[in-house]
Amino acid sequence: MLTDYHVHLRPDEREATAATHFTAGNAERYRACAEEHGITELGVAEHVYRFAAALEVWEHPFWRQWARDDLDEYCGFVREDTDLRLGIEADFVPGREDRMRSLLEAREWDYVVGSVHFLRDRSIDTEDYSIWGTGESPERIWRRYFETVAESALSGMYDVIAHPDLVKVWGDKAPRPDKDLRYFYEPAVEAFAEAGVTVEVSTAGLRKPVGEIYPARPYLEMVLDAGCPIALSSDAHVPEQLGFRYDDAVGLLEELGVKELAVFERRQRRMEPIG
Ligand SMILES: [Zn+2]
Ligand SMILES: [Zn+2]
């Protein structure tokens, strides 16, 4: 069995509206592409900030630019017009946990994917509002990033922690700390184990400047030593990205002795053999 849970039904473009992409036909295209890759457990996890309700949680100008759609219509569409699992990619916004928790608890998800894309009001992975080039040292950015990821896990709001070393996304295009990176991973791994949360292995990093799976191998080894369950996803934004370079990911998991993947239904996790 293979999963792809961290999946977007549309690209990160303003023109990709709910009306054009939240359709049964589009969901069928995703299902067909997933089948070609042997992915039977397929779910969607749209960005929370594309929904108007997200502005009750945070009013960052980036979110204000994007927040258009109706969250309940999205949930209704996935449940009624598709056979996909219903998820959401919900940013962790420190200090706004109660608001995000209310938004999430008001709906019945199969799973909630937690992401850290921002450190306070600065973005890790977009050119707009970028944290890079603000004069903050890479050591400090990396430390703050992994501490925030740790906090997100301990918040208990999430079933899966997404792309857990997104901070590396720019590869050589952003400065990196000199230290052994395991120093930065440590607090995050401890938090994952304490929270009992599932950690995402994502092939999306292979499409980004860094050209590497999230998480990096030494980080993944620490996650596995700590006994954390693994979820496998591509973070696809178009059907053709489903199962993107899964051979690499499955090969890595096999090498590290991972035999099962996390499967979710109504926020209950069970483990299924990889196949
Ligand atoms: Zn993300
Ligand atoms: Zn995503």
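The values are calculated or read from the model by the stated rules, or taken from the named source; none is laboratory data. Computed from a predicted model, the values in this text were never measured in an experiment. Neighbour counts run over all protein chains shown; Cβ positions are idealised from the backbone, glycine included. Heavy atoms of the whole protein, side chains included, go into the accessibility calculation; ligands, DNA and RNA do not. Shrake-Rupley method; radii C 1.70, N 1.55, O 1.52, S 1.80 Å.
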Task: R0 of 22 Å, Cβ-Cβ distance R269-R101: FRET efficiency to nearest 0.05 - done: 0.70
Open item on the list: Report for the range 174-275 the percent antiparallel among DSSP-assigned beta bridges with both residues inside it, nearest 5.
Closed with: 65 percent
Task: Efficiency of FRET between D81 and E255 - r from beta-carbon atoms, R0 45 angstrom, step 0.05 - done: 0.70
Open item on the list: Rounded to the nearest 10 Å², what accessible area does R270 have for a 1.4 Å probe in the complete protein model?
Closed with: 100 Å²
Open item on the list: If R₀ is 22 angstrom, what is the calculated FRET efficiency for the pair E73 and T126, using the beta carbon separation as r and rounding to 0.05?
Closed with: 0.30
- [ ] Could you rank the peptides 157-170, 124-137 by their average count of other C-beta atoms within 10 Å per residue, with the highest value first?
- [x] 157-170, 124-137
TODO: Any chance you could run the full-extension gain for T20 through E59? It's 0.36 nm times the residue separation minus the Cα-Cα distance, nm to one decimal.
DONE: 11.5 nm
Open item on the list: I'd like to check one number: the per residue accessible area of the chain, probe 1.4 Å, reported in Å² as a whole number.
Closed with: 43 Å²
Task: List T40, T148, ordered by accessible area with a 1.4 Å probe, largest first - done: T40, T148
Task: For E194, solvent-accessible area (1.4 Å; no DNA, RNA or ligand), Å² - done: 150 Å²
Open item on the list: As a test, work out the antiparallel percent of DSSP beta bridges whose residues both lie in the chain, rounded to the nearest 5.
Closed with: 30 percent
TODO: Classify the range 24-114 as rounded, prolate or oblate from the Cα gyration tensor: take a ≥ b ≥ c as the square roots of its eigenvalues, call it rounded if a/c is under 1.5, otherwise prolate when a/b beats b/c and oblate if not.
DONE: prolate
Open item on the list: Ignoring ligands, DNA and RNA, please state the percent of accessible area on the range 61-186 from carbon and sulfur, probe 1.4 Å.
Closed with: 40 percent
Open item on the list: Quick check on the chain: what does the Kirkwood estimate of hydrodynamic radius come out to from the alpha carbon pairs, in Å?
Closed with: 18.7 Å
Task: Three-way shape call for the range 183-275 based on the alpha-carbon gyration tensor, with the a/c threshold at 1.5 - done: oblate
Task: Solvent-accessible area, 1.4 Å probe, carbon plus sulfur percent, for the range 197-257 - done: 46 percent
Open item on the list: Give me the extension gain from D180 to D12: residue separation times 0.36 nm, minus the current Cα-Cα distance, reported in nm with one decimal.
Closed with: 57.1 nm
